[in-house]
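Beneath this line is the structure, given in structure tokens, with notes to follow.
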Amino acid sequence: MADTSLARRIATDGDGFELHAEDRQAMLTERAHYEQPQAACIEALKIVQRRHGWVPDGAIVAIAETLGVGAGDVEGVATFYSLIFRQPVGRHVILLCDSSSCFLTGYEALSEALRERLGIGYGQTTEDGRFTLLPVCCLGACDRGPAMMINDDTFGPIAAEDLDELLEAYP
Amino acid sequence: MSAIPDTSRLRYHCQLRQSADERRAETHPLTWRLRDDGTCIQLDEYRDKQGYEAALRTLEQRSPDDVISAMKEANVRGRGGGGFSAGLKWSLTQVGDHLPRGYLVCNADEMEPGTFKDRLLLEQQPHLLIEGMIIAGYANRSCYGYIFLRGEYKEAARSLAQAIEEAQQAGLLGRNIAGSGFDFDIALHTGAGRYICGEETALINSLEGKRANPRAKPPFPGQAGAWGKPTVVNNVETLCNAPGVMQHGVDWYQGLSGGLSNDGGTKLYGVSGLVNRPGLWELPIGTPGREILDRAGGMRDGHTLKAWLPGGGSTGFLLPEHLDLPLDFDTIGQYGSRLGTGLLAVVSDRQSIVSLLRNLEQFFARESCGWCTPCRDGLPWTAKLLQALERGEGKPEYIDILEQHTLGLNPPRTFCAHAPGAMMPLESGLRHFRPELEAGIAQASMEGVS
Ligand SMILES: Cc1cc2nc3c(=O)[nH]c(=O)nc-3n(C[C@H](O)[C@H](O)[C@H](O)COP(=O)(O)O)c2cc1C
Ligand code: SF4
Ligand code: FES
């Protein structure tokens, strides 16, 4: 039977991932904040993601080696958390809140308008690689719903008519 | 090339709906220092406004056990939704000096649908939280504190990182704080999504860099938590209550609720939904829903109040007739709901309860950590049945199946409080709005039944 384990896949295919020296240092600094090195792995994944936009296979192994933990553990964590991306995403990531208070204030109409405007569904990226659309838990902006984030910026309330202008700001 | 549009008018700004002249140190301990412009209070200003006086005096004059007694007597109840006595939780770390010094973890994972209160404290007044954590860390003999902040709270991360650094430089964190002999420091830990991280044992797993599955209790985190050490997990708002208790005393804290409630202190209450002025207020705990709804300007034109969730998606629906109840933990618990986070979500008469329940159960189904089967499989099932009812394609037995889930998804069948929380709106929805759910049963299937 073919060995399809992650480590094997990377050893044979080698996706050519190289950890940036600065990022390696940042991971080691993080590691010092905790009793055990594994605690730094979520931050390490985010460090990779900040530079590359997502987390390629090779990064899993690089993080495991840097922190001295198992690659399987890092992968287990990477696939659990919704804000760690194991596939390439667009230049800008849109997180649309689909929780109850936004639902009460117009989420469904906004969601439909946004998907139509982008021509994609949740979990997809526009063909030009500009936007990825994802649902997100209550953003803690419920007093101004429906709310959404684009990259690090939080917006609300957003009406369908605001979308053109809003998206224009993220070329 | 066209210019990039200015989107600042669309940006979200967290803002308290009470202006500075309405807020006093003696009556608004959580918010009196906040600026009307909503910008973050830096160390100098915080100290000018009596900041860190409570923590420093506590380290100098009180013993850890003293602090725990004060928190118990004041009856500070957990503001993360459970209402558990903070003093009682802290007393778990008291059992014997043979225990190693452990950790204090602030739960800043705020993701409960409809909840936007911790954000205010984190973004605009991080030093109050740090001061509360110093007091809590001292009482629990913790060696280190973590603030577990949800990853999406970018502005809060900036405020907190800066405040931690300011406090470290001023000797308020680190070795031998202000010459007291107490060593305590804080690190900011940011998450990467998933609602379940807010459950305190899942949060500890996540802090340790693992998948956020909850842990079995006992042992309770206060006995064996992060890396097996005694660990106290408290909500942001809970910790922000500690400086006031230590500064002004137990009687003052008890008196804050002004006879409205047996609970002490104030509460950040809020309203979301189709009201005229949604927002946040610091009010005596036990303030009735009606007063809060009035502050929110009442329902928008053309809408009447049909139901409300008192404190997040995992609390049960209340009706307009419940608006005069004091909003505190014990009272709301007697009406088939929970105070939860105390942020009201109001439901208009024009909103289908079936659709709202479907939205809620889809949320809880997606956010199940997948550890135990009743939750992992049961929640998607309820969402599916509700979806069918919403479309008028339900079958008569769907109502019974939904009901069985509300009865069955409880410990020990479920491993944590996620699934029971998910069942609260459904159970109360069935209790209050059964005909509306039954209306989703397809006519054709009704004919077969008779
Ligand atoms: C599924 C689930 C999610 C939770 N999310 C949060 C949260 O985001 N923030 C929070 O403070 N407590 C949350 N809690 C409650 C915590 O488990 C815990 O009770 C709380 O942090 C204790 O702090 P407190 O006693 O100060 O309220 C959650 C509980 C459950 C079951
Ligand atoms: S009840 Fe749900 S969230 Fe809690 S442990 Fe079980 S599967 Fe996970
Ligand atoms: S429900 Fe959307 S921000 Fe809270």
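Among the DSSP beta bridges whose two residues both lie in chain B, what percent are antiparallel, rounded to the nearest 5?
40
Does segment A:63-171 classify as rounded, prolate or oblate by the C-alpha gyration tensor (a ≥ b ≥ c root eigenvalues; a/c under 1.5 gives rounded; else a/b over b/c gives prolate, otherwise oblate)?
prolate
Does segment B:235-383 come out rounded, prolate or oblate by the C-alpha gyration tensor, with a ≥ b ≥ c the root eigenvalues, rounded set by a/c under 1.5 and, if not, prolate when a/b is larger than b/c and oblate if not?
Because a/c hits 1.5 or more and a/b fails to exceed b/c, segment B:235-383 counts as oblate.
Mind giving me the nanometre distance, one decimal, between the label points for B:Glu73 and B:Glu436, set 7 Å out from Cα along Cα→Cβ?
Between B:Glu73 and B:Glu436, the label points sit 4.7 nm apart.
What's the extension gain from B:Asp301 to B:Ala3 if we count 0.36 nm per residue and subtract their Cα-Cα distance?
Taking B:Asp301 through B:Ala3 to full extension adds about 103.5 nm, to one decimal.
To make sure I understand the rule: partners must be lysines, Cα under 22 Å from the Cα of B:Lys395, and not fewer than 8 residues away in the same chain. Which ones qualify?
B:Lys384
How far, in degrees from 0 to 90, does helix A:41-52 lean away from the longest principal axis of the Cα atoms of chain A, to the nearest 10?
Roughly 70 degrees, rounded to the nearest 10.
With contacts defined as alpha carbon pairs under 8 Å and 6 or more residues apart, what's the relative contact order of chain B in percent?
Rounded, it is 15 percent for chain B.
With a cut-off of 8 Å between alpha carbons and a minimum separation of six or more residues, what is the relative contact order of segment A:92-169 in percent?
With pairs under 8 Å counted, the relative contact order is 39 percent.
How far apart, in nm, are two points set 7 Å out from the Cα along the Cα-to-Cβ line at B:Arg175 and at B:Asn262?
Spacing of the two 7 Å Cα→Cβ label points: 4.9 nm.
Across chain B, where is the longest run that never hits GluC sites (Glu not before Pro) in a DSSP loop with at most 16 other C-beta atoms within 10 Å?
Longest run free of exposed loop sites: B:27-392.
So which residues of segment A:130-151 lose at least 10 Å² of accessible area, probe 1.4 Å, when you go from the chain by itself to every protein chain present?
A:Pro135, A:Val136, A:Cys137, A:Cys138, A:Leu139, A:Gly140, A:Ala141, A:Cys142, A:Asp143, A:Arg144, A:Met149
Antiparallel versus total DSSP beta bridges in the protein assembly as shown: what percent is that, nearest 5?
The antiparallel fraction comes to roughly 45 percent.
Give B:Lys72/B:Lys154; A:Lys46/B:Lys49; B:Lys89/B:Lys154; B:Lys49/B:Lys72 a once-over and call out the pairs whose C-alpha atoms are over 32 Å from each other.
B:Lys72/B:Lys154; A:Lys46/B:Lys49
Along the charge dipole of chain B, which of B:His432, B:Gly336, B:Asn205 sits closest to the positive end, that is, farthest toward it, with unit charges on the beta carbon of Lys, Arg, Asp and Glu (+1, +1, -1, -1)?
Value: B:Asn205.
For a Förster distance of 22 Å, can you work out the FRET efficiency between the beta-carbons of B:Glu403 and B:Asp330, rounded to the nearest 0.05?
0.25
Using the heavy atoms of the protein chains and a 1.4 angstrom probe, tell me the accessible area per residue for segment A:21-80 in square angstrom.
About 40 Å² of surface per residue is accessible.
Rounded to the nearest 10 degrees, what's the angle between the helix A:71-80 long axis and the longest principal axis of chain A, both from Cα atoms, 0 to 90?
The helix A:71-80 is inclined about 10 degrees to chain A.
Given the DSSP H assignment, sum -39500 (n - 2.57) over each helix run of at least 4 residues in the protein assembly as shown and divide by its residue total; what's the result at 222 nm in deg cm²/dmol, nearest 500?
Result for the protein assembly as shown: -12500 deg cm²/dmol, rounded to the nearest 500.
Evaluated at 4 °C with a viscosity of 1.567 mPa s, what Stokes-Einstein diffusion coefficient in µm²/s does segment A:21-80 have when Rh comes from the Kirkwood expression over alpha-carbon pairs?
117
Could you compute how much accessible area chains B and A hide from each other, both sides summed, with a 1.4 Å probe? Nearest 100 Å² is fine.
Interface area, both chains combined: 4800 Å², rounded to the nearest 100.
When the dipole is taken about the Cα centre of chain A, and only Lys, Arg (+1) and Asp, Glu (-1) are charged at their Cβ, what size is it in debye, to the nearest 20?
For this selection, approximately 360 debye.
Residues with amide H under 5 Å of B:Ser85's amide H, sequence separation 5 or more or different chain, H placed in the peptide plane at 1.01 Å from N; which?
Counting only residues 5 or more places away or on other chains, the set is B:Gly78.
In the protein assembly as shown, what percent of the accessible surface is made up of carbon and sulfur (1.4 Å probe, ligands and nucleic acids excluded)?
Solvent-exposed carbon and sulfur of the protein assembly as shown make up 48 percent of the total.
Under 1.5 on a/c is rounded, so check that first for the protein assembly as shown, then, if it is not, pick prolate when a/b is larger than b/c and oblate when it is not; a ≥ b ≥ c are the square roots of the alpha carbon gyration tensor eigenvalues.
rounded
What accessible area per residue, rounded to a whole number of Å², is obtained for chain B using a probe radius of 1.4 Å?
37
Spin-label point model (7 Å from Cα, Cβ direction): what's the B:Ser352 to B:Trp381 distance in nm?
2.4
For B:Arg366 and A:Asp162, what does the FRET efficiency come to when R0 = 22 Å and r is the distance between their Cβ atoms, rounded to the nearest 0.05?
The calculated FRET efficiency here is 0.25.
Go through segment A:90-111 and flag every residue whose accessible area shrinks by 50 Å² or more with all protein chains in place compared to the isolated chain (probe 1.4 Å).
Buried by 50 Å² or more upon assembly, which counts only protein chains, are A:Ser100, A:Phe103, A:Leu104.
How large is the charge dipole for segment B:269-348, taken about the Cα centre, if only the Cβ atoms of Lys, Arg (+1) and Asp, Glu (-1) carry charge, to the nearest 20 debye?
With only Lys, Arg, Asp and Glu charged at Cβ, the dipole is about 260 debye.
If I fit a long axis through the Cα atoms of helix B:154-169 and take the longest principal axis of the Cα atoms of chain B, what angle between them do I get, 0 to 90°, rounded to 10?
Here the helix axis deviates by roughly 20 degrees.
If the elastic network links every pair of Cα atoms under 10 Å, which of B:Thr341, B:Thr39, B:Thr266 fluctuates the most in the Gaussian network model of chain B?
B:Thr39
The values are calculated or read from the model by the stated rules, or taken from the named source; none is laboratory data. Keep in mind it's a predicted model, so treat the numbers as computed, not measured. Neighbour counts are summed over all protein chains in view; Cβ atoms, including those assigned to glycine, are modelled from backbone coordinates with ideal geometry. Accessible surface is based on the protein model in full, side chains and every heavy atom, while ligands, DNA and RNA are left aside. Shrake-Rupley method; radii C 1.70, N 1.55, O 1.52, S 1.80 Å.
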